[in-house]
Every structure is written in structure tokens, then in C-alpha cells.
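Everything on this sheet refers to the single structure shown next.
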Amino acid sequence: MTNRIWGFIKSVLLIELLIGLSVTLRNQFRPHTTVEYPRETPNLKPRFRGIPRLRKNPETGEDLCVGCLLCEKACPDDCIKVVPEKRPDGKGKQAAKFIINYERCCFCGLCVDPCPTKPLTAIYMSHDFELASESRTKFYYPMNNLYEGAQIKEYSR
Amino acid sequence: MTVNEPASTLDTDIMEVNMGPQHPSTHGVLRLKLKIDGETVVGCEPIIGYLHRGTEKLCESLSYPMVEPITDRLDYVCAMSENLGYMGAVEKLCGISVPERADFVRVIMVELNRIASHLLWLGTHALDIGAMTVFLYCFREREMILDLFEEFCGARLTYNAFRIGGLLEDLPPGWTGRCRQFLKVYPACQKEYEDLLTKNRIWLKRTKGIGVISGEEAVEIGLTGPSLRGSGVGYDVRKAHPYSVYKRFEFDVPTGENGDTYDRYLVRMEEMRQSLRIIEQALDTLPEGPIRAKVPNWLKPLKGEVYHSVESPRGEQGFYIVSDGTDKPYRMRFRGPSFANLQALPQLCVGHLVADVVALIGTLDIVLGDVDR
Amino acid sequence: MDTELLLKVAVSAGKVMTVLLVLSGSVAYLVLLERKVIAFMQSRLGPRRVGPSGLLQPIADGLKLFLKEDLVPAKADKWVFTLAPVVVIIPAFAAFAVVPFSGESFDVFGLTITPWITDINIGVLYILGISSLGVFGIIMAGWASNSKYPLLGSLRSAAQLISYEVPLGLSIIGVLMIAGTASMVGIVEAQRETGWWFFVPQFVGLFIFFVSGMAETNRAPFDLPEAETELVAGFHTEYSGMKFSFFFLAEYANMILVGCVATTLFMGGWMRPFPSVEALAWLNFLDFVHPFWSGFFWFAAKLFLVIFAFLWIRATFPRYRYDQLMHLGWKVLLPLSIVNVLVTAVVMLLMNSGSSA
Amino acid sequence: MNEETKGGAPPAGGEGEKPAPRPAPRARTGGLSEEELTKEVPSRVVERLKSSFPDAIEEVTYFAGNPIVVVKTDRLIEVMSFLKNDADLYMRQLADLCGADYPDRPQRFELIYQPNSIRHGHRITLKIRIAEGEEAPSLTGVWKSANWFEREAYDMLGIRFKGHPNLTRILLSDDWVGHPLRKEYPTEGRPEDHMLLRDPGFRPPDIMTGDLPFKP
């Protein structure tokens, strides 16, 4: 009985509504969580998977890619095309053409798994993610551009 | 649907209203043909398929590892569960046993993802009913989980986090500490949502007694997951058919009593707490060791077929794989929990008001990527 | 022609223009305030891009709405469709004619300019009457759009406005009984005389007025007519451009109106807190400019409080369902307001008989 | 990631790879051997089915610990009702229903059912086989949940169900031609064609021939 009376009093005094109001009021004075994206760059974690890019050996500057076509085979979207050729020094192969179709890429990272140039893989998931472009042709890259990071950012203002 | 003619001398008509496919509260591209009499729903026909991408067909031309990114995109809200289910199915098909540490990490990820998914559900469900602040609080906490995921696998939504036979990479250094930090912070956040909703009289009015379905009927129509457990049937794939290492953790399967929207809400809220419990246990007993069994990259399973299901946040996520002995699945079938759950919507809707339809879509927690596949 | 009359007309027209302009501006900035307040409550930042921390956002919004293409659906009734926003916005602004924004008058060139457009002895009734005209516009909008969601929205809205008009009116009666006048200025003066602002004896009245006011202005948790998640945008689903902005302005103007009425009737209008306590006279610190400004300051501060409560509630609560809203209106608020009137009457009777005896 | 490719079955994790006498495509899994995978496991459901419907069962196989029972098409509803209502089995839920296409078999389609007992935790895979043009019995009378699953099977494979209340396409649009999950249905179309329709000036760069708008 006392419980029911107490419950009635509570419901007349709108206790639970006031508790709710206090939650929103408290949050008004907490720090905000917004990341003002183009002004602030988001804090990307080391393993972030952006668009796949190619990488040169940082010490010698040689191409790391050995033209083994494993990434091409592993890609579920068929977005990689590699044309291998003999290296000028005759030892092994390198990629004559390496084309990634960013229109199709799904950022899954499966191309990186089988890359045989361990520990530094020739193809890697870069931190670039700003892909928007006005033209479809921009999504096909000359191989040189695959080496450079943060290229695609095109918007202004 | 039979339509009862209202006993009135006025000439009244049943109005057909199209809800969706572009509508603020259909959680994607769901279209509902509602027949309404005034504001009372007398008939409801879901029309789906706007997001059909033919994944089952697509999988027939992909090798086994390549399917994983596709499973990410089925139920994109809980891609970890999808990943785990698919990995489990393939590992069952091949008879691969996964190293313990990998299994533990997988369980941690999946349970974190369950919390994230329930948070998204809570946010959108509350938003549908009109409480818009909960939505943003939920997303604030969900961001923390997504940050953890980003750190682990590099993606925030389509994780592609596991590999057949284990994991691609081990947990990054310091990850467990940050995860524990989250576990410490989170309960207070959940209390905030409960303060805003659980006892709020408007929330109670909007959810209690709405969309009641009995346990028997719920089983019959194929409901699984929290939607089923809200009706008092304690069926959880994690308990009934334990997969991965769920046998080793202690957790309860919360059930409701009345089978209404409010009970389903309570069940999901409790499930988040249980997930926290599982994660805590897994972090405490996380073994050292290898993270990946020796599995060839070019997998060729034996001829055979398996059905493997996991408890995704939405229900029983089944994977049926037919292998013909080549490196590509002969037939891949995704049993989406949302697809089966959505089937119950017409039954739930009839007799309620238009405003309740959005609450009911929310309470079934459908993800259209999962419905349409 | 009588020059005095001409002068009077000119002064009135000037006041009307001032109120219109200030009101339009404050409506625009009320939208910004709402977005900012709710954003902070949701641990966001709100609009930040236009001007310093988003201060020019209303201007950008207004410009956008002004320049936007004005669509009329092919099967809509064009005349009624165009007329509806006008019918909604005119009463919303007209109701401000009797709101006293401050207590002190200006003296300019020997003319006394009162800080209200007019003070009629049925001010409260005038506001009630005028503000309930807006519902016609809403019904017209829903019907003329020839679309299902607007129709449902307008029906809901009509039912809601009519039901809540009754408790709204009854909740004010207590105040009128104590004050003994229906003039807005008179009510404020009555509050000075009694020494109590009327929210003390009439807290139930204030509560009912506040809730019904929220329902009248279609604010959350009673925003059913435009319940975004159910009816997309309710009666103005098919509207765009300027016509839409008329609805928008009217909604926010109505919100300010409810705030103004609550301030005037229950919270002592332009008076500073504890107007009879001389020690607090420094609270009218704007007196050094002109007493008008300190009155206006306190009026605005109280208005802000009411409106902040509106926003706060919107950020917190879920939305009622249509039938529950009707239930609340007819079965809870209406009896409560009648009881409030009765109790007020009985108490007044007792006190009067006590004082006369 | 691990050892790959260079011929030969890799040494297996755990159980060890089985050596030779196996038909054509060599399985490379690194997991259990064929014997272990196809090992018979005791199953209460199969026992009960065998004792109750000895003539309705065509074939029982096992894979990865799960019994797969092939039932005669005309006895399906009988068997399913038994599974659902028998107190000992009580499989009240039909978890999944899907079809598979085997064009080279005389009975081209397989319908695969996954009934599920929530009370006892039983699970079994049940199958029927039907030829093209043949109608499968609809289970909508037994389980309500079969409704959409059967519509999906009809949509994807063109299997017609006898007695289904509303056998229309569910995922694809009503005017769709063909049934995508049949093996003869092409997986890939030509999305470029649509691009051409939209923008006649656009020439899709062909990635395979290196016909690109720049020199790679």
C-alpha cells in the first residue's frame, strides 16, 4: 500500500521526467564529441584501411612489387590489374603496369594479405580516404601516383 | 487481411498509405503498404528487395576468403557477427580448429559489436518514438567501440576483421587496456539512457502493450534473437548450439514476459550488460599463443554442406554452404535474421495506430542489408 | 484631416513594423538558439560554419529558403495551397498586438509611446481568439496539398489544437479571477498589487498552460502533426521555399507568443524579481539608459526561461501517440483545469469573506 | 598470409592432412580429413525419423556432425508435421529454407530445410529433391515462417510451391526475367552499358587491355 501511495506521489511529481531532464541538462556542460571534420583531421589509427597504394623500399628506393599477381587474384572486386615484366637487372620481375580501379575497390585489405614482400608489403592500405572526384577517369591512377600518398583530396573551401 | 467495415452511417473508406521506401523511419529502404482506417492500421504489407544485391549469386564466383568482405555488407551494423558466422561455417566445412587466443579475441570483438549494434538500435528506436537525444548519446558511445575496432582491424563499419583459421593480426599493444577503459565508462552511459527512457511515462505508454506476440507464435513465425526472447522464449544460439568459445563464459539469457515492445527493449538493454560481462571474462582469461591455424590461402574444402548459425544482435544468423570440392562455394545461403523477423511485422501491426508502426519496425531491429541481401 | 489621428496612426504603424521586424529577427535567432541548445544537450556543437560560431546561420537559412524554388504539386488546389501559409502566419503575428513588452513608456516629441501596440481590455481573449485561427491554415494546407501524409497531419493538428484550446483557456481563468481584468497590462499591474506573481497561487494553472501551450504550438512531445518519423513532415510535407518558411516562422512565432503570454500572466511580465523589495532595486540596472530597457530586459529574460524549457523538454522526451495525446488533453488536463478554477474560486471566496468580515 | 601455393598439401593444423585416394579436386583445407568430417554421429531425430517413416527417407548422410536427411517429396508435409508436433522432437521453428540448383541431375532442384527444436536443442538438415516443372509441397500450412522463405526460393530459383497463398516475387521486381540463382543465369552483366546510356560521350576505360585515358 505504501508502495502504491509512494508511486502515486512520484507520478504526480513527475519524478522520472525530472530525472530525464536532469540528464540532458548535465550533458549540456560536458565536453562535446563533435569532430569538425574538414577543419580537424580525424585521428586515424595506425591500422586504418584507406585506399590501397604501392610502396617503394624506403632504404633503396626500389620498387617493392615483384609482379607476382597474388593481389590481383585475391581481390574480390577485380579491381587490380598487374602486368609484370622482367627487372632490368634480370633478377626477378617487377610490375610494368599496376592499375587499381578505385571505383570498384571495397577497402577490404585482402590484397595486402598475400603480398610476398614481407615484412614491408609492396601494396598497402594507406591512410588516404578522401576519394571524391568529379570524373570517373580520376579513379584510374597512373602507376606513379600510386606511390604518393594523399593525392586525391580535391575539394576546396 | 480482412477489413472490418466500421459500423457507421457515414461513408468511410480504407486509405492506403505508402510508407517508404524513402521515409525517415523505415531504417533503410523498406516499403510498407499500410491500409489505414482513420489512423488505425488494418493491413500491412512489407515490400522488400530494394537493396537486393544478389550476394548469394555473387558468392558462387568468389573463392572462400573473398566472401568475407561480402558478409560485412549483409548486416552492416554488426559485421563482426557476420564475419564470425561465416568464418565458423567455413571452419566447420573444412574441420579447421582455431587457436584459442583467436577465438577469445573474436568473442570480444563480436560482443563489442553486439553492444554497438544494440546502441544503434536503441538510438534509432528512441528517435522513431521521438526521443532524439538518446540517439546522439548512443552514437557517442558507439563511436568509442568503433574506435576500438578501427584500432584492431582498420575499419569502422565493414570490418573484414577475421581470417579463415584465426585472425590476420593480433590485438595492437595497449588495446586491452583501452577496452577495459571502455568497460569501465560504459555502464554509467547506459544508466543515462535508462534514466531518459526506462521509467519515462511517455516511453512506457508508447511501448507497453504494443506489438504483443506470444512465445508460441513468435517461434512459429520464425522470430529469433531479442525479438523472440522478449516473448519469454530463452533461445540463444550461444547457449543452445555453442560455437566458438562461448561455452567457457558465464552469462545469462534475459527474457521478457509480455512479448511487447517494452519487454524487447528491456531484453536488449540487459543483453548489453551481459555482453559487458562476457568481454570482461574474456579479457581476464585471454590466453597467449598463436592467432592463426595453418590454412592455405587457396582453400579447397571437401565436397559437403554445412549449416552454421551464430547469434547476431538481431537473431540467428545462419550460413549454409554447399561445397563441390572446388575453391569456390557451389551454393552460399545467408539466413538473415532480419528477413525472418520482418515477416512478423504485418501480424504485429494490425490493430495499432500508424505511430506504432514505426515503433514496431524499430523493435524488430531490422537491417535492410540483411533483409534483402 | 485631424493631425493627431494621423500621428497616432503613424505611431501605431511604426510600432507594428518594429514588432514585426524584431519578431522576425528573434524567430530566426530562436531557430539558431534551438539548434544550439539542443546540440549542446546532445554533446554536439550545432551550426558552426556561417559566421563566428554559426551566428549568421539564420541569415543563410533565410536566404536559402527565399531563393529556393517554390514548388506547387500538380494536383494541389493552387489557391488554397498558396493561401494556407498566409492564413497561418497572420494570426501568429497579429496576436502580438496586445503583448506588453515593457512597463515604461517613452516620451518622444511630447508623444507618449507605450511599449505595447495596444492595450485592450479583453487582451487575453483576443490572443486566444486570434491564435486559434491558425488551425484553419493548417487544415487548408493539409487538404490543398492533395497528398496523404499532409492530410493525416492536418487532421491530427486540427484535433489537437481544438482539444488543447479548452484547457488552455480554462487554465488562464484562474489568473483572470485573481487579477480581475483581462487586459494584459492590467494583469501585470495586478501582480504588482498582490505582491505575488501568479505562478505561486496558480502553479497548477501554469503547468496546464505550459503543457497546453506546447501542444498548441506543436512542440515536442506533442509534435504529432509534423511527427517526422511517422508523417514525414505532416501538413507542410509538400511545401517548399517561402511558403514553407511561412509555416516555420509561424510555428516559432507561436512559440514566442506562448512564452510571452506565460511571462505576462504568470511570471510578472516586465517586472524585476521581487518588485516590492526595495533592496533589490539594483536589479533594474538598465534604468540608467531608460526604464523601458530594464523592463524589456526582465521580460526577455523570463521569455528566455520559458523558451529554454520548451527546448529542454523537446530534447528530452519521446513523443506522445495521437490517442494518448487526446487522452491527456480531455481526461487529465481538462478536469484538472476545471478543478483549478473551482479551487481558485473557493479560496478567493473564503479570503474575501475573511477580509470583509 | 601463411604458407601458400608452392604445390602439395600443406601439413595440417592439428589432425594432419589425409593422403591420397580421393576423387578429383584435391581438398586443401588444413583441417580435418574426409573420414572425420563425414563421420556418422548419433542423432535422436534421425532415429525417430527412421523408425516412424522408414519408407519416406531416401538417404541419410552426415557432414561435420550434422545429419542430412533426404525425404521423398510427397511425404514432406507428413514428415515435417511429425517433426513439429512430436513431443520428443518438438521442432517448432523452421530456421531456414533454401533451394539449390544442380543442373546436371535429373531432379534438378534441392530444397533444404533447417527445422530447429528450441526446447531440446535438436537440429537437422532435411532435403527434398524435385525436377524442373515439378511443384514442391508448400509448408506454409505447417510453419508460418515458410511463407517468405518459399517466396524467396521461387524468386531465386523458380521452384513453384503447391498451396502457397501468395507465390510472387519477393526480392526482385515483379517484371524480372529469369531466376538468378539458377546456374545458367549469368553472374556478371555489363554495367558499362548503362553508363553509355546515361552519358553517350563517356567511354569506359578498359582496365584489362590497358586502354586508359593516360599512360600508366
Self-check item: Every residue from the stretch B:249-298 that is closer than 30 Å to B:Ile164 by Cβ, open to solvent by 10 Å² or more (accessible area, probe 1.4 Å) and of a type in the set (Gly, Ala, Ser)
Solution: B:Gly289, B:Ala293
Quiz item: What pairs come up if the first residue lies in the stretch C:116-141 and is without any contact (Cβ under 8 Å) to a residue 12 or more places away in the chain, the second is open to solvent by 40 Å² or more (accessible area, probe 1.4 Å), and their beta carbons are under 9 Å apart, counting only those six or more places apart or on different chains?
Solution: C:Gly129/C:Ile122
Quiz item: Looking at C:Phe81, is it closer than 14 Å to C:Ile256 by Cβ, open to solvent by less than 60 Å² (accessible area, probe 1.4 Å) and either touching a residue at least 40 places away in the same chain (Cβ under 8 Å) or not in a helix (DSSP H, G or I) (or both)?
Solution: no
Quiz item: Is there a residue being more than 10 Å from every other protein chain (Cβ to nearest Cβ) and under 20 Å from B:Ile115 (Cβ atoms) anywhere in the stretch B:191-201?
Solution: no
Quiz item: Checking C:Leu45 against (1) without any contact (Cβ under 8 Å) to a residue 24 or more places away in the chain; (2) open to solvent by 30 Å² or more (accessible area, probe 1.4 Å); (3) farther than 29 Å from C:Trp116 by Cα, which single condition isn't satisfied?
Solution: (2)
Quiz item: Can you list the helices (runs of 4 or more DSSP H) found entirely within the stretch B:164-231 that contain at least 3 residues being within 30 Å of A:Gly109 (Cβ to Cβ), open to solvent by less than 50 Å² (accessible area, probe 1.4 Å) and at pLDDT 85 or above?
Solution: B:175-197
Exercise. Considering each of C:Thr316, C:Thr344 in turn, give the residue that is of a type in the set (Val, Ile, Thr), more than 22 Å from C:Leu231 (Cα to Cα) and open to solvent by less than 30 Å² (accessible area, probe 1.4 Å).
Key: C:Thr344
Quiz prompt | Number of the exception - D:Ser138 against (1) within 17 Å of the chain's Cα centre (by Cα); (2) modelled with pLDDT of 85 or more | solution = (1)
Quiz item: What about B:Thr207, is it at negative phi, within 9 Å of chain A (Cβ to nearest Cβ) and out of contact with any Pro (no Cβ under 8 Å at 6 or more places or on another chain)?
Solution: no
Quiz item: If you go through the stretch B:111-126 one residue at a time, do you hit one that is more than 22 Å from B:Gln274 (Cβ to Cβ) and either open to solvent by less than 10 Å² (accessible area, probe 1.4 Å) or assigned to a loop (DSSP other than H, G, I, E, B) (or both)?
Solution: no
Quiz item: Does B:His308 satisfy the condition of being more than 13 Å from chain D (Cβ to nearest Cβ) and touching a strand residue (DSSP E or B) at 6+ places or on another chain (Cβ under 8 Å)?
Solution: no
Quiz item: From the residues in the stretch B:349-373 that are aliphatic (A, V, I, L, M) and more than 19 Å from the chain's Cα centre (by Cα), which one is most open to solvent (accessible area, probe 1.4 Å)?
Solution: B:Val350
Self-check item: Checklist (1) of a type outside the set (Val, Ile, Thr); (2) open to solvent by less than 40 Å² (accessible area, probe 1.4 Å); (3) modelled with pLDDT of 80 or more applied to C:Ser102, failing item
Solution: (3)
Exercise. Please find, among C:Ala281, C:Ala309, C:Ala253, C:Ala215, the residue that is within 14 Å of chain B (Cβ to nearest Cβ) and either open to solvent by less than 30 Å² (accessible area, probe 1.4 Å) or at pLDDT below 80 (or both).
Key: C:Ala215
Quiz item: Can you pull out the residues in the stretch B:301-313 that are in contact with a Cys (Cβ under 9 Å, 6 or more places away or on another chain) and closer than 22 Å to B:Leu58 by Cβ?
Solution: B:Pro301, B:Ser312
Quiz item: Tell me, which strands (runs of 3 or more DSSP E) wholly within the stretch D:97-147 include 3 or more residues that are closer than 22 Å to D:Thr61 by Cβ, within 9 Å of another protein chain (Cβ to nearest Cβ) and without any contact (Cβ under 8 Å) to a residue 60 or more places away in the chain?
Solution: D:109-116
Quiz item: Which of (1) more than 10 Å from every other protein chain (Cβ to nearest Cβ); (2) on the phi > 0 side of the Ramachandran plot is the odd one out, the single condition A:Glu40 does not satisfy?
Solution: (2)
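The values are calculated or read from the model by the stated rules, or taken from the named source; none is laboratory data. Quantities reported herein were computed from a predicted structural model and do not represent experimental measurements. Virtual Cβ from ideal backbone geometry, glycine too; neighbours counted across all protein chains shown. Quick note on the areas: whole protein, heavy atoms, side chains included, nothing else; ligands and nucleic acids left out. Shrake-Rupley method; radii C 1.70, N 1.55, O 1.52, S 1.80 Å.
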